[in-house]
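The values are calculated or read from the model by the stated rules, or taken from the named source; none is laboratory data. All figures in this text were calculated on a predicted structure; none of them were measured in a lab. For accessibility, only protein heavy atoms count, side chains too; no ligands or nucleic acids. Shrake-Rupley method; radii C 1.70, N 1.55, O 1.52, S 1.80 Å.
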Amino acid sequence: MARTAEKSTRKKSPRKERPASRVNKRTRAGGKKPIDLYYWPTPNGWKVTIMLEECALPYSMIAVDISKGDQFKPQFLAISPNNRMPAIVDHDGPGGKPISIFESGAILQYLGRKTGKFYPKDERGRVEVDQWLFWQMANLGPKAGEANHFRNYAPQRLPNAIERFGNEMNRIYGVMNRRLEDREFLAGRYSIADIACIGWASRAERHGHDLSAFANVRRWLKTVLARPAVKRGLAVKVEAAFHVDMKDPKVLAVLFNQRAR
Ligand SMILES: N[C@@H](CCC(=O)N[C@@H](CS)C(=O)NCC(=O)O)C(=O)O
């Protein structure tokens with residue numbers, strides 16, 4: 001099982017999760033530095049914690065407090081120029097040299113290639129996975145984000161936006177439900193395409209999306225949530241995230257008033 005530790009991009013952040021020193025001991029003993037994971041506990045972050053746990057790769061978690069603007073710090077932007085987490089640095093990248101990666105889909109593909117797990121090597125199998133991974137990246141994730149925004153955080157209630165993204169979520173879960181009609185997982189076998197969807201689907205009801213009409217999605221969700229690595233991935237917490245007040249104007253300004261800098 002992989003160990004996690006919270007580092008922080010802020011200098012004096014409290015470290016309530018497992019301390020980095022435990023990871024460093026392991027590093028000295030194992031000879032390899034753990035992967036640095038830049039993370040905040042959200043569905044996009046969980047894609048990577050789940051994959052790291054599934055692959056039993058050691059990693060060191062570095063909290064990116066997106067409610068306070070850590071995502072705009074130069075040292076983070078050097079790794080993730082789109083000012084979004086997750087991102088990773090693999091110190092044991094190609095040629096034994098470090099590599100940094102942003103965009104959760106690219107991270108999943110990289111880790112799949114690196115470990116040979118949850119990402120088929122044959123072209124047909126890989127195309128199956130890629131289609132559903134990109135489907136998640138372009139549909140389930142962004143549309144759920146907008147649906148959540150207009151339902152829960154927008155300063156004005158905009159019925160048309162709420163309806164538009166609510167309908168999209170219904171359409172998207174309908175697509176997923178049909179796909180899962182005659183197969184256990186999105187690309188046949190459990191893969192990074194499933195891993196990309198878990199965090200979103202696990203929060204669907206909480207975000208106000210009704211899954212009752214989508215029996216195949218619910219069956220799939222039950223199966224994936226029963227996996228021990230999925231449980232561990234979803235349980236990677238950051239203490240500071242519990243104290244974010246989504247009504248605080250400063251937090252709303254950081255998250256929802258972004259323009260080119
Ligand atoms: N397409 C990106 C999306 C990542 C993303 O939207 N991350 C959010 C949290 S779930 C974030 O970092 N937000 C910071 C911000 O909005 O400034 C990926 O999949 O990696």
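When the Kirkwood radius is taken over all Cα pairs of region 107-179, what Stokes-Einstein diffusion coefficient follows at 20 °C and 1.002 mPa s, in µm²/s?
152
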Requested in this report: Kindly provide the Kirkwood hydrodynamic radius of the chain in Å, to one decimal, from all pairs of distinct alpha carbon atoms.
Outcome: 19.2
Query - Centre separation in Å (Cα based) which lies between region 183-242 and region 110-160 - result: 12
Report task. Step through the table entries Lys121/Lys222; Lys117/Lys237; Lys47/Lys247; Lys33/Lys117, compare each Cα-Cα distance with 22 Å, and write down the pairs that go over it. Result -> Lys121/Lys222; Lys117/Lys237; Lys47/Lys247
Query raised in the report: Can you give me the relative contact order of region 130-240 as a percent, contacts being Cα pairs under 8 Å and 6 or more apart?
Result: 28
Query - Whichever aspartates and glutamates have a C-alpha closer than 12 Å to that of Lys250, once near sequence neighbours (fewer than 8 apart) are set aside - result: none
Report task. First compute the accessible area of the chain with a 1.4 Å probe, then give the percent of it belonging to carbon and sulfur atoms. Result -> 51
